[in-house]
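Single-structure report; data block below.
The values are calculated or read from the model by the stated rules, or taken from the named source; none is laboratory data. Being a predicted model, the structure only gives us computed values, none of them experimental. Every residue, glycine as well, gets a Cβ built from its backbone with ideal geometry; the counts of neighbours run over all protein chains shown. In case anyone asks, the SASA skips ligands and DNA or RNA and just uses the protein heavy atoms, side chains included. Shrake-Rupley method; radii C 1.70, N 1.55, O 1.52, S 1.80 Å.
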Amino acid sequence: MELNTIEPQALQAVLASGQPAQLIDVRTPAEFEEIHATPARNVPLDRLDPEQFRLAKGQKLFLICKSGARGRQACEKLVSCGIEGVTNVTGGTDEWNKEGLPVVRGHKTISLERQVRIVAGTLALTGAVLSLTAHPYFAGIPAFVGAGLVFAGLTDTCGMGLILARMPWNRRGA
């Protein structure tokens, strides 16, 4: 499926032109609170309901996340439900900020990507130690984590990230 993409500078020009458009940030509320593009509103990927985006003719919908991966997933979800005029912001909020475009800054938080690395590393280390000290069956824990990481790399979809996004500390402000 070929998806529409736009660079942050080009999107800023579209928004400044006054064309009917929405910028939706699909990161967790905690990530959104830390930093987001000034015109964006937060609708986390796990709560994205295609029905709320049935757009009027001519209105465009731009989706942004941290780096572009979750924005692409959100675009795929909306396009598969027949929503037209959906575009992913290339490079996400990281690129938007790097380009010097207007952002709102709030409280610092641990990104979802870092949370996944912390949890995956903790599970792998714990499983390895337990397999050496308690019972060899605990080797299944790091094997399971490794399989999940391979799956995430191949599909660009992270199950652990989706689970962590639903945790209370990532839902504050929601």
Inset, instruction - Among what's in segment 90-129 and is free of Cβ contacts under 8 Å to residues at least 40 places away in the same chain and under 29 Å from Asn4 (Cβ atoms), pick the residue that is most open to solvent (accessible area, probe 1.4 Å). - result: Lys98
Inset, instruction - Taking the residues in segment 8-38 that are under 14 Å from Asn97 (Cβ atoms) and more than 17 Å from the chain's Cα centre (by Cα) as candidates, determine which candidate is least open to solvent (accessible area, probe 1.4 Å). - result: Leu11
Legend entry - Output for segment 44-57, where each listed residue is farther than 23 Å from Ser17 by Cβ and either at pLDDT 95 or above or open to solvent by less than 60 Å² (accessible area, probe 1.4 Å) (or both): Pro44, Leu45, Asp46, Leu48, Pro50
Legend entry - Selection within segment 138-170 - open to solvent by 60 Å² or more (accessible area, probe 1.4 Å), in a loop (DSSP other than H, G, I, E, B) and under 15 Å from Gln73 (Cα atoms): Asp156
Inset, instruction - Just give me the residues in segment 69-85 being under 20 Å from Glu99 (Cβ atoms) and open to solvent by 10 Å² or more (accessible area, probe 1.4 Å), in sequence order. - result: Ala69, Arg70, Arg72
Inset, instruction - Would you please list the contacts, defined by Cβ atoms under 9 Å and residues six or more apart or on different chains, that run from a residue in segment 1-20 that is under 21 Å from Lys66 (Cα atoms) to a residue that is part of a helix (DSSP H, G or I) and charged (D, E, K, R)? - result: Leu3/Arg72; Leu3/Glu76; Thr5/Arg72; Glu7/Glu95; Pro8/Glu95; Pro8/Lys98
Legend entry - Pairs with Cβ under 8 Å, 6+ apart, first in segment 76-89 and over 11 Å from Leu3 (Cβ atoms) and at pLDDT 95 or above, second part of a strand (DSSP E or B) and aromatic (Phe, Trp, Tyr): Val89/Phe62
